[in-house]
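Each remark here refers to the structure printed beneath this line.
Read-outs: derived from the displayed coordinates by stated rules, not from any lab. Here the structure is a predicted model, which is why all the values come from computation and not from measurement. Using ideal geometry, Cβ is built from the backbone for each residue, glycine included, and neighbour counts are taken over all protein chains shown.
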Amino acid sequence: MRHLAVLGPGLLGGSVALAARSLGTLGKVSLWARRSEVLDELRASDVADVVSNDIGEVVANADLVVIATPVGALEAVLEAALPFLPEGAVITDVCSVKMAVVTGADAVIADSPRDDVSFVGAHPMAGSELTGFANARADLFQGAACAITSGKSSTEPAEALVEDFWCSLGCSLFRLDPSEHDKLVAAVSHLPHVVASALVQTVMSSDRQVVGLAGAGFRDTTRIAAGSPSMWAEILIENREAVSSILAEHVRGIEEVLTRINGNDSEWLLRFLSDAKDNREMFAAPVVTKN
C-alpha cells in the first residue's frame, strides 16, 4: 500500500493516521477534516503529508481509505469521496455498529457508477471516553481486537488489504458477520456504557456529598460514562435491537440480585459473586491473533 487516506481527524481517525505514519512503510498519508478551523492544528502536528478539507484532494490515488466519522455521517462522506477514488481503491471504517454501516456503504456503492471499489467494514475495539485529535495516540490500537465485517462489495483482495492494515497497527483480528458483530458488541461495549451511565445517575440522585467519598473502584467502573453523549446516543439507536435484548437480560439479572438480597439468600449471593469473579478473570486471558 502506497497511499492511505483518513477521513475524520478525531480520536480514532487521528490515531489511525499517527499509527500509520509511525510505521514508516507508507509513501503517503492524507487526512480530511470537515471543519476548516482545525486544519492549522492538524498541519502543525505533522499527522499527515496532506491535510485538507477538500475530500477529492485527500482521497486521490489512495489505495486504502479509512472513514473515521460518526455512523450517521458515513454514507454521505463515502458518497462524496467515490468520484475521486482510483480504480481498485478499498474503503474501510472504524464504526462501533456494523450492520447499518456495511449495508449502507454497499448501497451507496451499488447506486453509484463505481463497480471497481470495495468496502470492508472494520471495528477496532480501541476507543476511549476521551475525544478529539488532542487525545489521539500512535499506539492506540496495540493489542486491541478488531472485527472485520465483509459485505456485498467486499472482495478477497480487499479483505486481505484491510486485515493486513489493522494487523500492522497492532490489532488482533476477528472475522464476523455484521449482525453477529452487533450482538456481541452490544454485550461487551454498548451495554457497559448504559450501565455505567445509569450507575452515575443513580448514585448522584441520592446525595451529592457522595462525590467526596467515591474511590478508585467507582471511578473505574463509571469511566466510560464520560464519553461523548451525542456519539453514544447515535450508537444505541443504530444498534437498538441488540442493545434492547441484552439490556433486558441485564435488568432481569439485577432484579434477581435484588430479590436474593431482600430474601437474605447469602448462599446464592456467594455463588453469584464467585461466578462473576471467575468469569471476569477470563477477560485477562490472551486473545487469538485471527479466527
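Structure above, values below:
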| quantity | calculated |
| --- | --- |
| Hits among aspartates and glutamates - C-alpha to C-alpha of Lys28 under 15 Å, sequence gap 8 or more where chains match | Asp46, Asp49, Glu57, Asp63 |
| FRET efficiency estimate (nearest 0.05) - Cβ-Cβ, Glu79 to Val251, R0 30 angstrom | 0.15 |
| Length gained when the stretch Ser36-Glu241 is fully extended (0.36 nm per residue, less Cα-Cα span) | 70.1 nm |
| Amide H contacts of Leu7 (H built 1.01 Å from N, under 5 Å, at least 5 apart or other chain) | Trp32, Val66, Ile67, Ala68 |
| For peptides 219-228, 184-193, sequence by mean Cβ density within 10 Å, most packed first | 184-193, 219-228 |
| Intensity falloff of the chain expressed as log10 I(q)/I(0), Debye formula with alpha-carbon point scatterers, at q = 0.15 Å⁻¹ | -1.17 |
| Residues Leu176, Leu26 arranged by fewest to most Cβ contacts within 10 Å | Leu26, Leu176 |
| The chain: angle of helix 11-23 to the longest principal axis, Cα-based, in degrees nearest 10 | 60 degrees |
| Rounded to the nearest 20 debye, dipole of segment 181-282 from Cβ charges on Lys, Arg, Asp, Glu | 280 debye |
| Anisotropy class of segment 124-194 from Cα gyration tensor, a/c 1.5 cut | oblate |
| Segment 93-170 versus segment 247-265: alpha-carbon centroid distance in Å | 38 Å |
| Folded to 0 to 90 degrees: helix 266-282 orientation relative to the chain principal axis, Cα | 20 degrees |
| Cα lying deepest toward the dipole's positive end in segment 3-176, options Ala44, Phe133, Ala17, charges on Cβ | Phe133 |
| Rounded to 5, percent antiparallel among DSSP beta bridges of the chain | 20 percent |
| Mean separation of Cα contacts under 8 Å (6+ apart) over length of segment 35-192, as relative contact order % | 19 percent |
| Orphan Cys of the chain, criterion: no other Cys C-beta under 4.7 Å | Cys95, Cys167 |
| Efficiency of FRET between Val210 and Asn53 - r from beta-carbon atoms, R0 45 angstrom, step 0.05 | 0.50 |
| Segment 3-176: antiparallel DSSP beta bridges as a percent of all, rounded to 5 | 20 percent |
| Folded to 0 to 90 degrees: helix 240-262 orientation relative to the chain principal axis, Cα | 20 degrees |
| Prolate/oblate/rounded label for segment 203-291 (Cα gyration tensor, a/c 1.5) | rounded |
| Helix-only CD estimate at 222 nm, as mean residue ellipticity for the chain, using -39500 (n - 2.57) per DSSP H run (n ≥ 4) | -14500 deg cm²/dmol |
| Mean Cβ count within 10 Å, highest first, over the residues of peptides 27-35, 263-271 | 27-35, 263-271 |
| Kirkwood Rh, Cα atoms: Rg over Rh of segment 166-233 | 1.12 |
| Sequence ranges 110-122, 81-93, ranked by mean other-Cβ count within 10 angstrom, highest first | 81-93, 110-122 |
